[in-house]
Each structure stands twice: as structure tokens, then as C-alpha cells.
Amino acid sequence: MMANKESSTLSRESSSSCTVDEWIQLALCEYELIASLCNAQSLLGNAALSTPPSMPTVGDDDSFNANDDKDVFDTKTLKMQMQQNTLRDLLSSYMDRIDDVRKTHSSIKVKLSSLSTHGVEESHITQTQKRPTPMQEALTRHIQLSERVIRTIMRSSLPGSSGPCGVFFENGLVRTSTLQDHENNVVALASLRASVYRLKSKFGGSDR
């Protein structure tokens, strides 16, 4: 019983610890996920703005008649239904991308606290040093940058403040993307990618 408990504990510790190379690789993965989120958001926004409001489904009420049947097979009606199905798929994909970014960002924050380098746990180093190491400071700055980039992509303000989220306003209406939004996203993603490769150059990190 005790052996199983110790095995479970070691498994949890192993899953949260990593080397510098692994941490930087995870940071690169986060960048790619944020870029994917940005693309999914753009696709969803464009689709939402070009898709007409939902139409009643056949059988929703008792007023359906032969004329309704003709409408169901009308080319325009079928096109609208296809657009709405595509919109639902894009929304599902968008929510998945948000969840991927959230989980990965949470993971790099957890792993930073238990980061090991050359077999020496960073947590042991910090017990004998009051100030964080230059590497710790650099990785922490990267995490802070990624949070700013995520807020830029999601067009959100600081946590707890009101405002739009992603392609939606608080009331659920779609927010139109602007050229400035696109330029802001490009600059934000470029800065995050550059930060990853600076860490890779200075502290290690194997190529993919």
C-alpha cells in the first residue's frame, strides 16, 4: 500500500518537473498554440459576420406545411444551413484552442517552479539564494510576455476588467476585426516567438 502511494507521488513529481531544454520546448509549443488560436479566432470572426441568423428547424412547430418543405430544399436555404454548420464547427475548434492555450500556459508556470538544470533542482538553488538566477528571471519575463500576448490576441483587458473577449463582446455580439487588430496580433506573436528563440540561444533548448 505504501509502495503504491510513493509510486503515485513520484509520478506526480515527474510530471511537473523538467529540464531547461524541455521548458523552452514547451514555451515554443505554447507559441504555436497561441498562433493557432489567433488563426481560429480570425476564421470564426469572418464566418460569424457572413453567416445569417439561424432559421427555425423543420418540425420545430406544428405550422409546417408543403410550402415549408419546398423552402427546406431551396438552394439559398441549404447554403445558409451549411454556413451555420460551419460556424458551429469553427466555434467548437475555437473553444478547443482556448483550452489548449490555457492548459499549456498553466503547465509552463508550474514547471518553472520545479525546473531542474544539469541535475540540480532550481528549488534547491533558491533556498540558498535570496535573489532569483538570471535564467529564472528570463523565464519569468517570458511567461509575463506570453500573458500579454494572449490578452492582445483575445482583445481583453487586465483580469477582472470588463470588455470584449476574443471575437465576442460581453453581450455575445461579434466584434468586427480591424486592420489594427491584425497588425497588433502579428507584432505580439513575433515578439513571443523572438523571446522563445532568445531563451533557446542563451540557455539551451534542442531543435525540433
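The values are calculated or read from the model by the stated rules, or taken from the named source; none is laboratory data. The structure displayed is predicted, hence computed values, not measured ones. Methodologically, a virtual Cβ is constructed for each residue, glycine included, from the backbone with ideal geometry; neighbour enumeration extends over all protein chains shown. Remember, those area values only see protein heavy atoms, side chains included, never the ligands or the DNA or RNA. Shrake-Rupley method; radii C 1.70, N 1.55, O 1.52, S 1.80 Å.
Tabulated values for the structure
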item: Label-point separation, ASN85 to ARG193 (7 Å along Cα→Cβ), nm; result: 3.5 nm
item: Sorted peptide list for 180-187, 106-113, criterion being average Cβ within 10 angstrom, highest first; result: 106-113, 180-187
item: Contour excess over end-to-end distance, with Cα ends at SER201 and GLU147 and 0.36 nm allotted per residue; result: 17.3 nm
item: Per-residue SASA entry for TYR31, accessible area with 1.4 Å probe, Å² rounded to 10; result: 40 Å²
item: Approximate spin-label separation GLU137-SER106, in nm, with each point projected 7 Å along Cα-to-Cβ; result: 3.1 nm
